[in-house]
1. In the range 287-335, which residues are open to solvent by 50 Å² or more (accessible area, probe 1.4 Å), part of a helix (DSSP H, G or I) and in contact with a Gly (Cβ under 7 Å, 6 or more places away or on another chain)?
2. Would it be correct to say that GLU278 is out of contact with any strand residue (DSSP E or B) (no Cβ under 8 Å at 6 or more places or on another chain), within 23 Å of ASP424 (Cβ to Cβ), of a type in the set (D, E, K, R) and open to solvent by 60 Å² or more (accessible area, probe 1.4 Å)?
3. Run down VAL196, VAL251 and say which single residue is in contact with a Phe, Trp or Tyr (Cβ under 7 Å, 6 or more places away or on another chain), surrounded by 23 or more Cβ atoms within 10 Å (Cβ to Cβ) and not polar (S, T, N, Q).
4. Of all residues in the range 95-143, which are of a type in the set (Ser, Thr, Tyr) and surrounded by 13 or more Cβ atoms within 10 Å (Cβ to Cβ)?
5. Against the definition (within 23 Å of the chain's Cα centre (by Cα), open to solvent by 10 Å² or more (accessible area, probe 1.4 Å), without any contact (Cβ under 8 Å) to a residue 12 or more places away in the chain and within 16 Å of the ligand (Cβ to nearest atom)), how does HIS355 come out, yes or no?
6. Within the range 358-379, track down each residue that is under 19 Å from GLU409 (Cβ atoms) and either open to solvent by 90 Å² or more (accessible area, probe 1.4 Å) or away from the ligand (no atom under 16 Å from the Cβ) (or both).
7. Can you list the strands (runs of 3 or more DSSP E) lying wholly within the range 173-272 that have 3 or more residues being more than 16 Å from the ligand (Cβ to nearest atom)?
8. Which of (1) in contact with a helix residue (DSSP H, G or I) (Cβ under 6 Å, 6 or more places away or on another chain); (2) over 25 Å from ILE226 (Cα atoms); (3) away from the ligand (no atom under 16 Å from the Cβ) is the odd one out, the single condition LYS393 does not satisfy?
Amino acid sequence: MQKPQLLEFINRMLPDSVAIVPSANEATRSNDTHYRFRQDSDLFYLTGFEEPESVAVFTNVKDRPEYTLFVRPRDPEREIWDGRRAGVEGAVNSFGAVEAFPIAELNKKLPDLLSGARSLYYRLPSSKPELDDSVLNQISQLRAGIRRGVAAPESIVDPAGIIHELRLIKSQEEIRIMQQAADIAAAAHVEAMKAVRPGMMEYELEALIEFNFRKSGASAPAYSSIVGGGANATVLHYVNNDDTLRDGDLVLVDAGAEYKGYASDITRTFPVNGRFSEAQREIYELVLETQVSCVNMAQPGVTMEELKSHSIRMLTEGMVRLGLLKGETEELITREKYKQFYMHGLGHYLGMDVHDVGRYQIDGQPRKLEPGMVITVEPGVYIAPGTKDIPEKYLGIGVRIEDDVLITEGGRNVLSSKVPKAIDEIESLMKSR
Ligand SMILES: [Mn+2]
């Protein structure tokens, strides 16, 4: 079966062009053991093919759209160790390639594939230096034959220009999968809220969340899960998760699942003992109001920049109100004083990659949101212990709230809405446990 996006990609290629898209490489974890293989998102998007040591070649030469896969051949001996391979037969029968060859034959076939192509789509450098060498070598050989009438590609174009724009706008099928990825993560966050107790370790909560991901069929967390209790929540990339969760502290959980190649990315912050303190409530309400306001603003025509500016304004006003910042809001914004407590962006594109591809600017201007884009909205306030000249009650509080938001014709659809974020909803869920 050929994916619809594969035909769309070939259609958008220049006439008389060839595209070469390689697989990801296996990554060593230590010595002779590997991380679980994850396919290159572009290749997976176009073909659905999930094996390493593969290369897809797309041709649009003389208006003949074709798709050839180079793959690891079947090998009963190796398959005992590493698992089943589709082989050249499977590449044709299950993945819609018009032709397929063993990967070892790629170099031999390159002259045929490239001859007659006026443009070559190839990302330089790719993940495979030896493939870069073969491709460039092949082009120089074709050029050497130009006087004999051989045609060599005149331009080498990064295929990401087409593929990443396609990936940015999600199809109905992709949206369906992303909703499932969000549902899986939302359910895991709910389980974490129900299970957390003072004295638990952060990694126990991490394990519970990731158990729920896998139990629901997710292939893995979409990124390293963050479970930060108390002041650990003020460390943005806290991933060790090896501290004790203490009575009276909040815990920040940033965890998303990868399902059928697509990511979810959800953050919730909730009290370890089930009740927000006054000070925690004040910071949390500020972040929540800002987050809800930004989510409600997200719709076609609005830019990520506008959403971010809106979050900066609301958070800065709130920081003044709470005594975290002193001075005029305008000036605090201009001088970026809010960055002491809100130092990251408001959100990002979400898709196969958790920080998904697609341009944020077009011709130097912020790009407008369009139906089919999925973004995250994730403002936060982080008050590091030891911060001077602020009310002491806020020290060590870190709050972030993050949802996955699909932009629709009429506005938006919050994919991650199945996990509560209002204080009374969180407290009543935690009370019922
Ligand atoms: Mn995120």
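1. Result: LYS308, single match.
2. yes
3. Going through VAL196, VAL251 in turn, the sole match is VAL251.
4. SER115, SER119, TYR121, TYR122, SER126, SER134
5. When the stated conditions are applied, HIS355 passes them.
6. Of everything in the range 358-379, those that are under 19 Å from GLU409 (Cβ atoms) and either open to solvent by 90 Å² or more (accessible area, probe 1.4 Å) or away from the ligand (no atom under 16 Å from the Cβ) (or both) turn out to be ARG367, LYS368, LEU369, GLU370, PRO371, GLY372.
7. No strands (runs of 3 or more DSSP E) qualify here.
8. Against the list (1) in contact with a helix residue (DSSP H, G or I) (Cβ under 6 Å, 6 or more places away or on another chain); (2) over 25 Å from ILE226 (Cα atoms); (3) away from the ligand (no atom under 16 Å from the Cβ), LYS393 comes up short only on (2).
The values are calculated or read from the model by the stated rules, or taken from the named source; none is laboratory data. The model shown is predicted, which means the values in this text are computed figures rather than measured ones. So basically every Cβ, Gly included, is an ideal-geometry build from the backbone, and we count neighbours across all protein chains shown. The protein model used for the area step is the full one, side chains on, heavy atoms only, and it has no ligands, DNA or RNA in it. Shrake-Rupley method; radii C 1.70, N 1.55, O 1.52, S 1.80 Å.
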